[in-house]
1. Which value does Rg/Rh take for the stretch 88-144 over its C-alpha atoms, Rh per Kirkwood?
2. Once you place label points 7 Å from the Cα toward the Cβ at Ile69 and Lys125, how far apart are they in nm?
3. Within the stretch 119-133, what residues put their amide N at less than 14 Å from the label point 7 Å along the Cα-to-Cβ vector of Phe78?
Amino acid sequence: MLNNQLPNFQGTTQFRIYHSSPNQKPPPRNRFTAGLAGLATGSVILASKGKYLISALKLTKFASLSSMILTVGAYTAFYGFPYAVGMTSLILIHESGHALVMKRMGIPFSPMVFVPFMGAAVAMKKQPRDAYQEALVAFGGPVLGSL
């Protein structure tokens, strides 16, 4: 009888025994761990290069619009267009709240810069006079977003 043939015993269960060899491939990773590893790698790259991306976007005349379109495109690739427009609109409203309060307080600020999967930023060009003004600027975004 050959090695890979088993005797046929009536009424018994047959088992085939495999021996592992050193050349055996490791089991394939599932999609979740592969996606998680890709997301972690992308996050590290984006965090390390994010300051260069923000600096490059600030140099253009249409920094807000171009970064907003880039953000919509990035969200669309993962979640679809309706989600992308909705999420970017919520971020725009939130950042507009900060910008409106800064304008009302007379604090100069830079254009909004959107960074995909991280949010957006409106930088103050001059510091507020006191902590009260800074708190009002901080609360501007959440207040406008909740209306």
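1. Taking Rg over the Kirkwood Rh, I get 0.96.
2. Simple spin-label model gives 2.5 nm for this pair.
3. Only 119-120 fall inside the zone, counting backbone N under 14 Å.
A short reminder: the numbers here are calculations on the coordinates, not readings from a lab. Just so it is clear, the model here is predicted, and its values are computed rather than measured. So basically every Cβ, Gly included, is an ideal-geometry build from the backbone, and we count neighbours across all protein chains shown.
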